[in-house]
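Coordinate-derived values only; no laboratory data. All of these numbers come straight from a predicted model, not from anything done at the bench. Cβ atoms come from the backbone with ideal geometry, glycine included; neighbour counts cover every protein chain shown.
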Amino acid sequence: MKIIIYWDEKNTQELTNKVKLSLEDLWLSDFIKIENNFSEEFKTKMDIKKEPALVIEEETIDFCDVIFEWIIPPEDEIKAMLISIVWWDSSDMSCATDSCWTCSSASVCWV
């Protein structure tokens, strides 16, 4: 899975930093990559009307969609969005070890 942030090079850093921090706080930075895209072709393809825009792409299920545009949400909203997209069921301990879950799509470990 990857997150694509569409905006101009000058202004993209604030949103990119918030997404990076959110991914790190949720221990997802090893599993979800961030790209910045500044091309007009991408803007047209995704039908982005206002900047900035955050796009989620998951190639394994052929999914690519604009999640939000025209705002830079606070980190707690970004985290809530990520949790709703990347949800694992903690009650399914069949894939868990003492300190890690290693399931089909990701490994999550804690100390």
Q. Once amide H atoms are placed 1.01 Å from N in the peptide plane, what residues at a sequence separation of 5 or more from F68, or on another chain, have their amide H within under 5 Å of its amide H?
A. L54
(Q) Please list, ordered by chain and number, the residues whose modelled amide H lies under 5 Å from the amide H of N36; skip anything fewer than 5 residues away on the same chain. (A) I5
Q: Grab the Cα-Cα distance for K43 and I67, subtract it from 0.36 nm times how many residues apart they are, and report the gain in nm with one decimal.
A: 7.3 nm
Q. List the lysines whose alpha-carbon lies under 17 Å from that of K43, not counting same-chain residues fewer than 8 positions away?
A. K2, K10
Q: Could you run the Karplus curve 6.51 cos²θ - 1.76 cosθ + 1.60 with θ = phi - 60° over region 5-22 and give me ³J(HN,Hα) per residue in whole Hz, x for Gly and Pro?
A: 9, 9, 5, 7, 4, 5, 9, 6, 4, 4, 5, 4, 4, 5, 5, 4, 4, 5
Q. What is the magnitude of the charge dipole of region 1-40 about its Cα centre, with +1 placed on the Cβ of each Lys and Arg, -1 on the Cβ of each Asp and Glu, and no other charges, expressed in debye to the nearest 20?
A. 80
